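As structure tokens, the structure follows; a few thoughts come after it.
The values are calculated or read from the model by the stated rules, or taken from the named source; none is laboratory data. Everything quoted here is computed from the prediction, not taken from an experiment. Glycine also receives a Cβ, built like all others from the backbone with ideal geometry; neighbour counts cover every protein chain displayed.
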């Protein structure tokens, strides 16, 4: 059901973008919006991982430079049936982690130095299992596309604002080809960015719950991730992440929202599910997995 919901939400995001183009410029505006979305998504497909890693000045490590971290990722990847991803470390006090890459063959997982200092070996395994679940589900591509479209909708809103301010919608209805002119520009300016943000956040929350479940299966110990989430929640509320503050559009990539703590419930404006809800679900899984672990004990 999560995959169906994600597909519907992505379709809604694309439809919203095309509708914004139509409201601004009619059929011509919708065609331009479609071409713009296609171009941006192609660029994001090939370059998003490099862009994100560069934003955070991530440094690639290997078996020699970070043997413990690399070994955890290697074992989890084997258990998940995934190719070995590239492994990166970001110099940041805030404990956090993220994954990126267009597919499992071109994936990267990244942990902050704050996470490596704060977490036990088992908790790090829980966190990185979550990130590898995103890789296996190709969530990194899904979230990159939604972030790209959301950014493009914001761009259309800015174009609408400037065009309406400088009289760009003084044409008659025939020239607009069905667009709503100034009214459409105002609607796009006010409503489109908000709607895009809500859809993007809904997709992110859906994927986070699924990654928690699958990641716990990869490690074989849901309580490892549950314990890590509790520490992560405390850490992001105490320690700022300046790089994330400078690039808020990347917040949904992290296992925990790097910009602020979570509220008491899963609300419309949350990029991540409520931490207590995530921990509760993992604890419910623990009893079932304790009885029978098909993957065998963690080494």
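Of all residues in the stretch 54-66, which are surrounded by 12 or more Cβ atoms within 10 Å (Cβ to Cβ) and in a helix (DSSP H, G or I)? Selection gives 55 alone. For the stretch 110-122, residues that are more than 20 Å from residue 249 (Cβ to Cβ) and buried (at least 24 other Cβ atoms within 10 Å of the Cβ) total 2.
Inclusion of residue 54 among residues that are modelled with pLDDT under 75 and within 23 Å of the chain's Cα centre (by Cα) is not warranted. Every condition in (1) closer than 12 Å to residue 142 by Cβ; (2) surrounded by 18 or more Cβ atoms within 10 Å (Cβ to Cβ); (3) at pLDDT 70 or above holds for residue 6 except the one numbered (3). In the stretch 283-293, is there at least one residue being surrounded by fewer than 21 Cβ atoms within 10 Å (Cβ to Cβ), at pLDDT below 90, in a loop (DSSP other than H, G, I, E, B) and over 16 Å from the mean Cα position of the chain (by Cα)? Taking every residue of the stretch 283-293 in turn, at least one turns out to be surrounded by fewer than 21 Cβ atoms within 10 Å (Cβ to Cβ), at pLDDT below 90, in a loop (DSSP other than H, G, I, E, B) and over 16 Å from the mean Cα position of the chain (by Cα). Taking each residue of the stretch 132-143 that is on the phi > 0 side of the Ramachandran plot and surrounded by fewer than 22 Cβ atoms within 10 Å (Cβ to Cβ) and looking for partners that are at pLDDT 80 or above and assigned to a helix (DSSP H, G or I) with beta-carbon atoms closer than 8 Å, six or more apart or interchain, yields 138/104.
Looking at 51, 84, just one residue is assigned to a helix (DSSP H, G or I), free of Cβ contacts under 8 Å to residues at least 40 places away in the same chain and in contact with a helix residue (DSSP H, G or I) (Cβ under 9 Å, 6 or more places away or on another chain), and that residue is 51. Scanning the stretch 87-126 for residues that are assigned to a helix (DSSP H, G or I) and at pLDDT below 95, we see that the one that is nearest to residue 215 (Cα to Cα) is 104.
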